[in-house]
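Reviewing the structure listed below.
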Amino acid sequence: MTHNDSSLAALLKEHFGFEQFRPLQKEIIRSVLEGKETFALLPTGGGKSLCYQLPALTDEGLTLVISPLIALMKDQVDGLNAAGIPATFLNSSLSRPEAAERMRGLWGGAYKLLYVAPERLMMPDFLSNLDQWNVNRFAVDEAHCISEWGHDFRPEYRKLGALRERFPKAQFLALTATATSRVRDDIIKGLHFSEPQTFVGSFNRPNLSYSVRPRQDGDGLALALTRRHRGESGIVYCFSRAATENLARFLKDNGVSSKPYHAGLSDEERRQTQDDFIKDNVDVICATVAFGMGIDKPNVRFVMHYHLPRNIEGYYQETGRAGRDGLPSECVLLFSASDEIKYRRLWKDKASEQERKVAIDQLLAMSHFAESTDCRRAGLLNYFDEHFDEIPCGGCDNCLSPRAKMDGTVIAQKLMSCVFRVREHSGFSVGLRHLIEVLTGANTEKIRQWGHQALSTYGIGKEYSRDAWMDFGRELMRKGLLSQDADQYNTIQMTERGNQFLKEKETIALTEPPVKSGAAIARTLAAGDEYDHALFETIRGLRKQLADEQGVPAYTIFSDVALRQMAAYYPVDLQSFSKISGVGRVKLDSYGPSFVETIKTFLDVNPRQNYNHPQTDSKPVRERDASRPGETVFKTVRMFNDGLDLHSIAQTREIGMQTVEQHLAKAVIADLELRDHAWFTQEEADTMEKAFTELGDDRLAPIRESLNESVTYLQLQIYRAMRRKTSK
């Protein structure tokens with residue numbers, strides 16, 4: 001039976017309610033209907049299931065779907081039955097009477113689709129039944145499980161190739177959401193495909209933003225993320241059962257609706273937790289990696305990895321559970337090098353040396369991704385052999401807040417010389433932490449015991465912190481100049497490439513360490529020192545407003561000590577603001593513009609007080625013209641011109657809505673090009689003009705109050721900006 005485009009579209013609308021196919025769906029369905037061997041690689045959320053569900057409606061036979069995911073079976077069968085499509089599943093979750101009833105239906109030809117796990121499928125008795133059930137199509141879902149090179153290898157999947165001989169007339173379709181070119185080749189070989197029609201969709205999920213942060217105060221970061229998405233669905237993946245329990249308890253104690261999920265819970269507890277999440281009865285699930293497989297919940301707004309995933313395939317699959325509805329969602333990874341060490345120890349006794357090597361290679365790729373300063377979206381796509389050159393992508397931390405490079409030649413020489421000198425002196429290698437202690441002149445028991453204080457490299461690296469040296473060391477490992485031996489207590493060795501680097505006196509660029517802000521000012525301004533109390537109250541009000549907008553405690557934005565420093569030093573540009581205690585790169589980007597603008601506005605109508613505070617180490621910075629936007633404003637403008645709404649910009653950039661509004665107001669003053677947008681009606685403009693004329697335009701709160709809050713702060717910001725620009 002042939003099907004043209006209109007008949008396929010009619011089936012799509014009638015049974016699934018969609019007006020049009022997603023990319024590649026129609027082409028894959030055509031290949032299936034033509035009886036060809038078909039391999040389809042579509043990203044999570046790309047609509048793989050439709051590629052075998054719709055063809056099942058076009059003929060008389062039974063489509064057998066092979067899946068390892070019990071949760072997926074139930075979800076999809078429930079959805080198909082609700083749409084009037086006869087489908088069923090057989091697995092261990094059914095009672096004996098339920099299973100018997102479904103078997104009777106299968107013998108009577110009552111179903112179009114049957115979902116089973118590969119273990120049940122390959123049982124001799126079950127295969128004998130299949131011979132009688134008119135199976136005309138096999139759909140192998142999660143096909144990457146076939147490959148030993150994949151991240152989720154399952155030996156029973158390797159047996160599926162035998163089905164080709166037993167059912168020579170049946171059509172075979174293999175589907176997966178994550179597979180490198182090597183895994184794809186293994187799938188095709190494992191299923192005995194000869195000349196398959198191959199379809200590979202893009203792995204890019206443009207609505208997802210990616211970021212990696214050091215796992216310092218991981219619980220606090222998780223709490224901040226859940227509060228930023230208050231009332232929305234999210235998943236936090238953890239390494240162990242205990243970690244899921246502890247984090248879920250912490251979040252719950254802090255007012256977040258959360259539950260743990262792991263294999264140690266009873267079947268009923270896991271089922272109930274899964275059901276609560278799907279039905280929005282619980283917002284956040286703290287889970288081991290088993291959770292979410294096969295659950296098609298479209299409105300997951302964030303996925304956090306509290307610990308490092310084992311491999312990029314798993315990371316991609318798990319982050320892919322966010323934003324399936326196409327709306328902006330964020331993926332946050334908390335990184336600690338200790339996670340890599342845990343995995344290496346866990347895999348030390350793997351039965352197969354080949355299996356262990358594959359696992360460690362994949363882990364190293366994951367670690368390198370987490371520590372990379374390059375575009376994360378490009379890194380993900382390149383791993384799956386997809387070229388991506390739209391950099392900066394506008395949706396990852398490295399593109400939104402890039403870290404500068406510097407000449408790292410001397411740094412590399414010092415660290416690598418230390419590796420050489422330690423081994424020359426002691427006859428054995430040591431770990432990275434000990435090398436750093438030698439470089440920074442630490443007085444530890446081991447340094448004294450081994451006599452490393454006598455080395456020529458002792459204390460030659462005091463210009464950088466130990467954290468900075470740790471970053472340098474791991475970057476040199478990523479660049480192949482140093483290596484870490486997991487079998488020898490994670491000791492550091494020089495590689496052949498490293499020896500060549502020293503011998504040839506090559507140069508190298510390394511990533512600048514994060515700036516540690518506020519230390520100088522913190523040393524010179526005690527909590528009880530003098531400051532401008534009026535300004536303090538003003539910026540404390542701003543802090544409260546931002547905290548309320550984001551649903552976080554006020555002190556998580558800035559401490560009172562930081563506010564007092566602001567009220568003493570009057571930072572009126574971002575560079576001087578960055579010197580305040582507690583202002584790091586993220587907070588500078590997120591809150592700096594709002595606080596600087598508020599301080600400048602305060603000084604427009606209030607005199608600067610002169611406090612005789614000691615000068616800091618920093619040089620005085622010339623005030624930047626407020627009409628010249630900084631890079632952070634341009635980032636917001638680019639995203640706005642790309643069509644993102646203000647809420648999406650704030651979420652993606654992790655800044656407050658007020659900051660986004662101020663950025664756009666500055667763009668208006670600076671005459672930057674903005675896409676057409678109706679900020680307000682003529683009536684609203686007339687109303688605002690009257691209020692500004694009567695009350696002045698220094699403070700917006702009294703204006704908005706006088707207008708009974710009939711206009712938004714954004715409208716006031718934009719109108720004031722336009723007004724000031726025309727008055728110049």
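The values are calculated or read from the model by the stated rules, or taken from the named source; none is laboratory data. Quick caveat: nothing in here was measured; it's all calculated off a predicted structure. As a convention, Cβ positions derive from the backbone with ideal geometry for all residues, glycine included, and neighbour counts pool all protein chains shown.
Below are the figures for this structure:
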read-out	value
For W469: the one exception among (1) assigned to a helix (DSSP H, G or I); (2) farther than 26 Å from S372 by Cα; (3) at pLDDT 90 or above	(2)
Residue check for E268: assigned to a helix (DSSP H, G or I), modelled with pLDDT of 90 or more and of a type in the set (D, E)	no
Residue within region 478-489 that is of a type in the set (D, E), touching a residue at least 24 places away in the same chain (Cβ under 8 Å) and part of a strand (DSSP E or B) present	yes
Positions within region 394-427 being in a loop (DSSP other than H, G, I, E, B) and out of contact with any Phe, Trp or Tyr (no Cβ under 9 Å at 6 or more places or on another chain), in sequence order	G394, S401, P402, R403, A404, G427
Test set (1) at positive phi; (2) small (G, A, S); (3) surrounded by 18 or more Cβ atoms within 10 Å (Cβ to Cβ) - A691 fails condition number	(1)
Hits in region 308-330 - residues which are modelled with pLDDT of 90 or more and part of a strand (DSSP E or B)	E330
Cross-chain or 6+ apart pairs with Cβ under 9 Å, region 75-91 first and under 21 Å from F277 (Cβ atoms), then aromatic (F, W, Y)	Q76/F89; Q76/Y115; V77/F89; V77/Y115; F89/Y115; N91/Y115
Close pairs (8 angstrom Cβ cut-off, 6 or more residues apart or separate chains): free of Cβ contacts under 8 Å to residues at least 60 places away in the same chain in region 38-57, among the aliphatic types (A, V, I, L, M) anywhere	L50/L12; L50/I29; L54/L8; L54/L11; L54/L12; L54/I29; L57/L11; L57/I85
Scan of region 157-178 for residues that are more than 20 Å from F126 (Cβ to Cβ) and part of a loop (DSSP other than H, G, I, E, B), ordered by number	A177, T178
Hits in region 240-264 - residues which are at pLDDT 90 or above and hydrophobic (A, V, I, L, M, F, W, C)	A242, A243, L247, A248, F250, L251, V256
Candidates I187, I146, filtered to the one that is out of contact with any strand residue (DSSP E or B) (no Cβ under 6 Å at 6 or more places or on another chain) and in contact (Cβ under 8 Å) with a residue 24 or more places away in the chain	I146
Failed item, numbered, when R249 is tested on (1) assigned to a helix (DSSP H, G or I); (2) of a type outside the set (A, V, I, L, M, F, W, C); (3) within 30 Å of V135 (Cβ to Cβ)	(3)
Count - residues of region 331-363 that are under 26 Å from the mean Cα position of the chain (by Cα), assigned to a helix (DSSP H, G or I) and buried (at least 16 other Cβ atoms within 10 Å of the Cβ)	10
Single match in D361, D349, D339 (criterion: within 17 Å of R213 (Cα to Cα), modelled with pLDDT under 90 and out of contact with any strand residue (DSSP E or B) (no Cβ under 9 Å at 6 or more places or on another chain))	D339
Checking A56 against (1) surrounded by fewer than 23 Cβ atoms within 10 Å (Cβ to Cβ); (2) of a type in the set (G, A, S); (3) at pLDDT 90 or above, the condition it does not meet	(1)
Per-region count, region 117-156, residues in contact with a His (Cβ under 9 Å, 6 or more places away or on another chain) and buried (at least 23 other Cβ atoms within 10 Å of the Cβ)	3
